[in-house]
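Colleague: Submitted below is the structure of interest, expressed as structure tokens.
Coordinate-derived values only; no laboratory data. Worth saying up front: this structure is predicted, and the values here are computed from it rather than measured. So basically every Cβ, Gly included, is an ideal-geometry build from the backbone, and we count neighbours across all protein chains shown.
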Amino acid sequence: MPSTRKPTTSNRSQRAGSEVKGPTTRIGYGFDSHEFKAGIPLKIGGVTLTHDRGLGGHSDGDVLLHAITDALLGAIAAPDIGALFPPSDAKWKGTDSVVFLREALKRLGDAGYGVTNMDASLILAAPKIGPHAAAIRARVAELLGVAVDRVGLKAKTPEGLDLENTAVAHVVVMLQKRKAAHARKKKRSR
Ligand code: MG
């Protein structure tokens, strides 16, 4: 006897065509940390902040963009930032981290997903992020191609953590399948 159960979203998607295989939403998580070093600019979220030290690293050390990049890559189960842009490759030395983020967004687009929203927590002793939060959120929103109200940013001091010389970023992203509506329409017209 044929099943009377309503097909699940993934069943419907698989029947609609190969381009909508898989879930319609995905979540990704990214983490990164960098050590403060004197004599280099401080970049967080694609914004240069006035501070006496910057974040060291093979690229520009932008801890927030690295965590966002890994969250996006993780959401589509792609290789992580270290695998795509290995620090052992001199090619990436001093690279603007926007390059890494754009590659993750390209892979996301190729997989048929767009960013719904993201949320980040920064942990660092200094500088205070509050005065720069609006600029960072605006820049990240611009890079992700979403409205500013889809970019959350909190900053905390490392209380109880021995992290006075380190900046840490945790990021979660939510993705939405972009081709699902188109594919459903195609199925109905058959
Ligand atoms: Mg990093």
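Colleague: Of the peptides 139-150, 45-56, how do they stack up when ordered by the mean number of other Cβ atoms within 10 Å, highest first?
Modeller: On the way: 139-150: 16.0, 45-56: 17.6.
Top of the packing list down: 45-56, 139-150.
Colleague: Also, quick follow-up: Please say if segment 105-168 is rounded, prolate or oblate, where rounded means a/c under 1.5 for a ≥ b ≥ c the square roots of the C-alpha gyration tensor eigenvalues, and otherwise the choice is prolate for a/b larger than b/c and oblate otherwise?
Modeller: prolate
Colleague: Please list, ordered by chain and number, the residues whose modelled amide H lies under 5 Å from the amide H of residue 166; skip anything fewer than 5 residues away on the same chain.
Modeller: For residue 166, whose amide H was placed from the backbone, the distant partners under 5 Å are 36, 125.
Colleague: For segment 24-184, what does the alpha-carbon gyration tensor say about shape, rounded, prolate or oblate, given a ≥ b ≥ c as the root eigenvalues, a/c under 1.5 as rounded, and a/b over b/c as prolate? Walk me through the numbers before you get to the answer.
Modeller: On the way: a/c = 2.06, a/b = 1.52, b/c = 1.35.
Taking the square roots of the gyration eigenvalues as a ≥ b ≥ c, segment 24-184 is prolate.
Colleague: Can you list the residues, at least 5 places off or on another chain, whose amide H is less than 5 Å from the amide H of residue 59, using H built in the peptide plane?
Modeller: 94
Colleague: Further question on the same structure: Could the peptides 76-87, 92-103 be put in order, highest first, of the mean number of other beta-carbon atoms found within 10 Å of their residues?
Modeller: Sorting 76-87, 92-103 by mean packing, highest first, produces 92-103, 76-87.
Colleague: For a quick check: with amide H placed at 1.01 Å from N, whose amide H comes under 5 Å from residue 113's, ignoring anything fewer than 5 positions away on the same chain?
Modeller: For residue 113, whose amide H was placed from the backbone, the distant partners under 5 Å are 178.
Colleague: Order the peptides 59-71, 117-129 from the highest to the lowest mean number of other Cβ atoms within 10 Å of their residues.
Modeller: Final packing ranking: 59-71, 117-129.
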